[in-house]
Every structure is written in structure tokens, then in C-alpha cells.
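Any read-out appearing in this document is the output of simple, stated calculations on the displayed coordinates, not a laboratory observation. Given the structure is predicted, the values throughout are model-derived calculations rather than measurements. Note that we place each Cβ from the backbone using ideal geometry, even for glycine, and neighbour counts take in every protein chain shown.
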Amino acid sequence: MTVASYILGIVASVLVLVVVVELLRRRRLRERHAIWWFIAGLLALVVSVFPSTLLWLSGLLGVEVPTNLVFFVSIAILFLVCLQASAELTELESKTRRLAEQTALLELRIEQLEGERPPNHDS
Amino acid sequence: MIEFVPVPSSRILVVVPAFNESGSVADVVREVIAKVPGASILVVDDGSHDSTTEVARTAGALVATLPFNLGVGGAMRTGFRYALENGFDVVVQVDADGQHDPASVPALVAELDHADLVLGARFAGKGEYVVRGPRHWAMLVFARVLTGIAKTRLSDTTSGFRASGARTIRLFAEFYPAEYLGDTIEALVIAARSGLVIRQVPVAMRPRAAGVPSHNPFRAAAYLGRASLALIFALVRPRSTYRVDPS
């Protein structure tokens, strides 16, 4: 590993963390959605600052090429985030449906109430 | 033993889900008014892009207009909620394309004396409605499976022509499925798994006023696949999914 690639790894992971924290700070991202990205950024930072942790862990798990462990963990995290997003989308859809139904019924109710009201209502 | 009491027609709500049906909805509404006197009619405009809402209102129906298209399931759940909030005892679904003959509504409602959910079945020996090919085989399979689940003979499980009693209204106002095909097959499974009594009544169905059913084999396969998925998931859902507050 050259000094340049060492620095590249650290800069990339710090960038991820900065972006996540900044979005959180500006309320563009809720904590529950940010947690996986935050964990990913932290892991990347630890591994890029101390590459030996990656070697140690892949040795422990029996992964022959340490980079493959990086890919495995990255894909696992992306998969979980996607799944979580799909589940939330489903929930949002069902809430939207409920709102749509409610609006339709409220609109009908308003019409009925206006129909019942005597036309000369300022007397 | 559960008791069933006959209902006066003022407690009947005919729900007509309509999506871009300005051509036929007025006739359906007028026919319902003529053949089911005293019943209220609610047309649920499922986000149509045409004048369905205005046409239905002019014909004399109550109209609930959904802001965007939710599918038959969403439109029907709106109808069931309206029925629940306004104290109706019976909801009858009649399609806006003129396929369902409102003259059969009293027969469906009468059968509610012994049941919670009554299906108007096309293949039960009345009328000349014919479906052929893979779609027909699929319907036969679903009929067989749902007959077992509902413990009563059902020959036409995808029929939208149905009457629901008070218990069913309470269940469906909350849990009427929105998924494609969920409104027919899954709704039956939900009702059966919730211990409701399901019956079928033979009805004559008219050919659709407009549009031709597809016989494309890929479409038929997709239909079979999606319907099977709907059925399987309806069966394996945890029982707690469909719990209604006893109130």
C-alpha cells in the first residue's frame, strides 16, 4: 500500500462521515435512516486508518483475500439499507392510501353538509 | 349460533368503484336506483381522468372522489369505511362497467340472512358468461382452493359482485386488501380466516359494456402468478394481521 492509497482511504471514509453528520445536522436525514450509513462510515474509517484490523479480522474469519471481506461487508450493508428503504416505502404507500381515502370521504361529507345548509345563511 | 336478521333497503349501500367509466356509470346508477329502490348508492371515483364524478353525481349517486388511482381495493375500502361511519348494515359492490345486473342485488342481500359475505357467482348455472383458456383453469384452481378454505362451495372467486353484512363491513373497512387481485381472492381468505360465513348465489353476468378480456398467454401467466402469490401470502399472514377491535 502506498501513502497515496492510505490517504485516499482515510479521506473517503471521513467524507462519508462528514456528509452523514451534515445531513443529520440539517435534518435532511432521520437518525433511523442514518444509522447504517454512519456504521459503514465508521467501519471504513477504522479499516483505512488501521489496515491491520482488516488483516486480523479476515484471518479470524478465514477470508483469504482481505479485500473480499470489505466487499462482503459493503454489499451486506447496502442490502440492508435497500431492504429498510423498501419496507418504509411500503409503509408510506399505505399511509398515503389511507389519507387519500380519508380526503375523499371528508370531501363527500363537506358536500353533504353544504347541501343541508339553508341557502340564505346570513339571516 | 350467530343470528342473522333481514335488512330493510334503507340500510343497504351499493358501492360502485369506477375508474374512467363516464360512459357506463350513469346507466349503472340509474339501474340501481330503479331495481334496488331505497338503497343508497356511493360511486367511488378512483382517480379518473374523465368526467366520471360529474356524470355519476348527475345520475343521482353520492360520489367520493379519490385524489389518485388506488385500484379497486382502495376504492372498495373507501366504500366500506363510508358504510361503517354512516351506519349501513349491508354493502353491495356493483361494477361500473355494467357487467353486474343490479336486478340480482336483492337475491344477494337476501342470502345475507344466512351469511356474512355473499358472492354473485358467474359459473353457478345462470347466464352465458364464458371464460376460456389458462385464465379459466386458474379460476378453477382458485375456486377449488377457496372452497376448502371457506368450507362452502365457491365456483367464482374473482367475482366482484358481492354483498357484505355488518361483520364483514367492520372487517373490510380496516383490512380490505389493496394489492392487485387482493380485492377478490385475498378478501375471501381474510373473511374466511376471520370466521365469517361465506355463501355464493348464482347470478347472470352481462358481457362488458366496453373492452375485451385478454387472451394473451403471457398476460394469463402473469395473472396466474400474481393471483397465486396473493393467495399464498393471504394464507400465511399472521392471524393478528386481521384483528378488529370488538366494539
message: Looking at chain A as a GNM with Cα springs under 10 Å, which of A:Ile75, A:Ile110, A:Ile35 has the largest mean-square fluctuation?
response: A:Ile110
query: Once amide H atoms are built 1.01 Å from N in the peptide plane, which residues 5 or more positions from B:Ala121, or in another chain, come under 5 Å H to H?
result: B:Val201, B:Val203
Among B:Met205, A:Pro66, B:Leu117 - extreme Cα towards positive end, dipole of the protein assembly as shown, charges at beta-carbon: A:Pro66
- request: Could you work out which residue, out of B:Asp156, B:Asp27, B:Asp46, moves most in a Gaussian network model of chain B, that is, has the largest mean-square fluctuation with Cα springs under 10 Å?
  value: B:Asp27
query: Any idea what the dipole of chain A comes to, in debye rounded to 20, about its Cα centre with Lys/Arg Cβ at +1 and Asp/Glu Cβ at -1?
result: 480
task: Express as a percent, rounded to the nearest 5, the fraction of DSSP beta bridges in the protein assembly as shown (both residues included) that run antiparallel.
output: 25
- line: Placing +1 on each Lys and Arg Cβ and -1 on each Asp and Glu Cβ in chain A, then taking the dipole about the Cα centre, the residue among A:Phe38, A:Thr53, A:Gly115 whose Cα reaches farthest towards the positive end is A:Thr53
task: Report the antiparallel proportion of the DSSP beta bridges in chain B as a percent, rounded to a multiple of 5.
output: 25
field: Over the stretch A:3-116: Kirkwood hydrodynamic radius from C-alpha pairwise inverse distances, Å
entry: 17.7
- request: Run the dipole for the protein assembly as shown about the Cα centre, Lys and Arg Cβ at +1, Asp and Glu Cβ at -1, nothing else charged, and hand back the magnitude in debye, nearest 20.
  value: 960
Principal axis dimensions, largest first and in whole angstrom, of the protein assembly as shown by Cα: 86, 65, 45
- prompt: Computed FRET efficiency, Cβ-Cβ of A:Arg27 and B:Phe68, R0 45 Å: what is it to the nearest 0.05?
  reply: 0.95
- prompt: How large is the charge dipole for chain B, taken about the Cα centre, if only the Cβ atoms of Lys, Arg (+1) and Asp, Glu (-1) carry charge, to the nearest 20 debye?
  reply: 840
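Could you check how many percent of all C-alpha pairs in the stretch B:9-240 are farther apart than 32 Å?
Details: 3228 of 26796 pairs.
It works out to 12 percent of all Cα pairs.
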statement: Inverse of <1/r> over all distinct C-alpha pairs of the stretch B:1-92, i.e. the Kirkwood Rh in Å, gives 13.4
query: Projected onto the charge dipole of the protein assembly as shown (+1 at Lys/Arg Cβ, -1 at Asp/Glu Cβ, origin at the Cα centre), which of A:Val11, B:Gly165, B:Ala227 gives the Cα projection farthest towards the positive end?
result: A:Val11
message: Between A:Arg28, A:Arg109, A:Arg97, where does the largest GNM mean-square fluctuation fall for chain A, given springs only between Cα atoms within less than 10 Å?
response: A:Arg109
